[in-house]
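What follows is a set of notes on a single structure, which appears directly below.
The values are calculated or read from the model by the stated rules, or taken from the named source; none is laboratory data. Given the structure is predicted, the values throughout are model-derived calculations rather than measurements. Virtual Cβ from ideal backbone geometry, glycine too; neighbours counted across all protein chains shown.
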Amino acid sequence: MTLIPADQLATEQIQGSPTGSSPIQATTQSPSKVLVVEPHPTLRTVLVQRLRQDGQLAAAVGSAEEAVDLCRDQSPDLLVSAELLEKSSALRLAQQLGCSVIVLTARTGVEPVVGLLDDGADDVLRKPFGLEELAARCRTLLKRGRIGLQERVAVGPLEVHLLLRQVTLREKPVELSPREFALLCALLMPPGMVRSRHELLRMAWPPFSGGPRSVDTQVLTLRRKLEQAGLGDGGGITTVRQHGYRFSLDNLPT
């Protein structure tokens, strides 16, 4: 996936990348792909430089339209975006690209930050901010998502085989639809973490499909199947009122 057009490479490519290579591409070590969307050229270049120091395949564009155009084949692992973009917003863009997002905002006060988090932002950073703080927040979110690179995830008696797209409980198969499988994987990133409906929608549904009620319906179906398979009351999925859902490690049968 190439996130910086060829005509921008001269000004935004950071020294040290292989000549002629894309700033974001698949490698055997599966480095994380980070896309910065920031209208100000100087700031986005500085952000890309800092993120690349951590070994991330970081790239930058100046608008939501450029981001969508450059991510047609594959979404980044993480979006770092200014809150307000021409004809779009950071949250809308993250939903469209199907990735986690750190929102950069210039607004002051607690309420705007709380509002962004409630609406689905994975993290919010208020301008002006330190580069080291941004880098640390990116590392945290990317580490949280590394489950997707594992072959197998085991939680108690439940095993999820990510590459085979199979689920087993005490070595017996559990039949799930593709959407239910994606939802279960989202709840296991990582186990015990509360996920809002907006987060689950972004992680387990294609862009612009479904809504919060779709999440509730699929959670109900997933719970029923896990219960029937023998995973106990609620299938290990608990509702966190006014927040969302989590896959609980508590009281799981052995």
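So that you can scan it fast, the table gives a plain yes or no per residue for (1) in a helix (DSSP H, G or I); (2) among the acidic types (Asp, Glu):
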residue	(1), (2)
VAL215	yes, no
GLU227	yes, yes
LEU231	no, no
GLY235	yes, no
THR238	no, no
ASP250	no, yes
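Out of all the residues in the stretch 15-31, is one or more at pLDDT 50 or above and on the phi < 0 side of the Ramachandran plot? Can you show your working first?
Filtering the stretch 15-31 down to residues at pLDDT 50 or above leaves 30-31.
Subsequent filtering for residues that are on the phi < 0 side of the Ramachandran plot retains 31.
For the stretch 15-31, residues at pLDDT 50 or above and on the phi < 0 side of the Ramachandran plot: present.
Can you go through ARG50, ARG44, ARG107, ARG137 and tell me which one is in a loop (DSSP other than H, G, I, E, B), touching a strand residue (DSSP E or B) at 6+ places or on another chain (Cβ under 9 Å), surrounded by 14 or more Cβ atoms within 10 Å (Cβ to Cβ) and not assigned by TED's automatic domain parsing to the domain that holds ARG195?
On the way: ARG50 fails: in a loop (DSSP other than H, G, I, E, B); ARG44 fails: in a loop (DSSP other than H, G, I, E, B); ARG137 fails: in a loop (DSSP other than H, G, I, E, B).
The unique qualifying residue is ARG107.
Just checking, does the stretch 71-91 include any residue being farther than 19 Å from ALA58 by Cβ, small (Gly, Ala, Ser) and touching a residue at least 40 places away in the same chain (Cβ under 8 Å)?
No, the stretch 71-91 has no match at all.
Would you please name the residue that is surrounded by the fewest Cβ atoms within 10 Å (Cβ to Cβ), looking only at residues in the stretch 53-66 that are without any contact (Cβ under 8 Å) to a residue 40 or more places away in the chain and out of contact with any Pro (no Cβ under 9 Å at 6 or more places or on another chain)?
Here the residue is GLU65.
For the stretch 111-134, which residues satisfy the criterion of being assigned to a helix (DSSP H, G or I) and over 18 Å from HIS243 (Cβ atoms)? Before the answer, list the steps.
Pass one, the stretch 111-134, residues assigned to a helix (DSSP H, G or I): 111-118, 131-134.
Of everything in the stretch 111-134, those that are assigned to a helix (DSSP H, G or I) and over 18 Å from HIS243 (Cβ atoms) turn out to be PRO112, LEU131, GLU132, GLU133, LEU134.
Being loosely packed, with under 15 Cβ neighbours inside 10 Å, at pLDDT 80 or above and aliphatic (A, V, I, L, M) is the filter here, so list the residues in the stretch 143-192 that pass it.
ALA154
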